[in-house]
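Heads up: the structure comes next, in structure tokens.
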Amino acid sequence: MQCPLCGHPKTHKHGKTSKGSQRYRCPHCHQTFSETFDTLHYRRQISSETIQTILQSHAEGSSLRGLSRITGVAYNTCVSVIRSASHKAQMIHNQDVHAVSTNVINADELWSFVKKSKSTVNQKN
């Protein structure tokens, strides 16, 4: 397994976490990490099903307090999961958008966004 922190190609097994997942240690940077490093599950004591329920319910418009009641997870944990997912999604989006090359930009929805119509434009002239 490659070290996600320094990129060293070889890591060594270094025991198990309290949840039972394998820990690894990098001989180059001497840092330890688990298989779930840099994921939404890293250092969280909730199941992946609960995380999925939180994210799906939030996307459908449920309130944060409602999510806390539905899942039985603390309010701050729900907020933390949603913020982490949002941050990861933004990073992935930024990588993909920077990789896109464009020649023409189409701004069809610009006028509806600015909330201008022909009548308000004509009144000013």
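The values are calculated or read from the model by the stated rules, or taken from the named source; none is laboratory data. Note that this is a predicted model, so its numbers are computed, not measured. Cβ coordinates were reconstructed from backbone atoms using ideal geometry, including for glycine residues, and neighbour counts include every protein chain displayed.
In this structure, H41 does satisfy being surrounded by 13 or more Cβ atoms within 10 Å (Cβ to Cβ) and either at pLDDT 90 or above or not charged (D, E, K, R) (or both). Would you be able to say whether some residue in the stretch 44-51 is part of a helix (DSSP H, G or I), of a type in the set (D, E) and loosely packed, with under 11 Cβ neighbours inside 10 Å? Yes, the stretch 44-51 contains at least one residue that is part of a helix (DSSP H, G or I), of a type in the set (D, E) and loosely packed, with under 11 Cβ neighbours inside 10 Å. Is it fair to say T120 is at pLDDT below 65, of a type outside the set (A, V, I, L, M) and out of contact with any Ser or Thr (no Cβ under 9 Å at 6 or more places or on another chain)? Judged against the criteria, T120 is a match.
Report the residue count in the stretch 68-91 for those that are over 19 Å from T39 (Cβ atoms), among the hydrophobic types (A, V, I, L, M, F, W, C) and either touching a Phe, Trp or Tyr at 6+ places or on another chain (Cβ under 8 Å) or touching a residue at least 12 places away in the same chain (Cβ under 8 Å) (or both). Full working, then the answer.
First, the residues of the stretch 68-91 that are over 19 Å from T39 (Cβ atoms): 68-70, 72, 74-76.
Now restrict to residues that are among the hydrophobic types (A, V, I, L, M, F, W, C): 70, 74.
Next, only the ones that are either touching a Phe, Trp or Tyr at 6+ places or on another chain (Cβ under 8 Å) or touching a residue at least 12 places away in the same chain (Cβ under 8 Å) (or both) stay: 70.
Counting residues in the stretch 68-91 that are over 19 Å from T39 (Cβ atoms), among the hydrophobic types (A, V, I, L, M, F, W, C) and either touching a Phe, Trp or Tyr at 6+ places or on another chain (Cβ under 8 Å) or touching a residue at least 12 places away in the same chain (Cβ under 8 Å) (or both) gives 1.
Take the stretch 7-38 and flag every residue that is hydrophobic (A, V, I, L, M, F, W, C), at pLDDT below 85 and assigned to a loop (DSSP other than H, G, I, E, B). Lay out the reasoning, then the answer.
Of the residues in the stretch 7-38, the ones hydrophobic (A, V, I, L, M, F, W, C) are 26, 29, 33, 37.
Restricting the remaining residues to those that are at pLDDT below 85 gives 33, 37.
The one that is hydrophobic (A, V, I, L, M, F, W, C), at pLDDT below 85 and assigned to a loop (DSSP other than H, G, I, E, B): F37.
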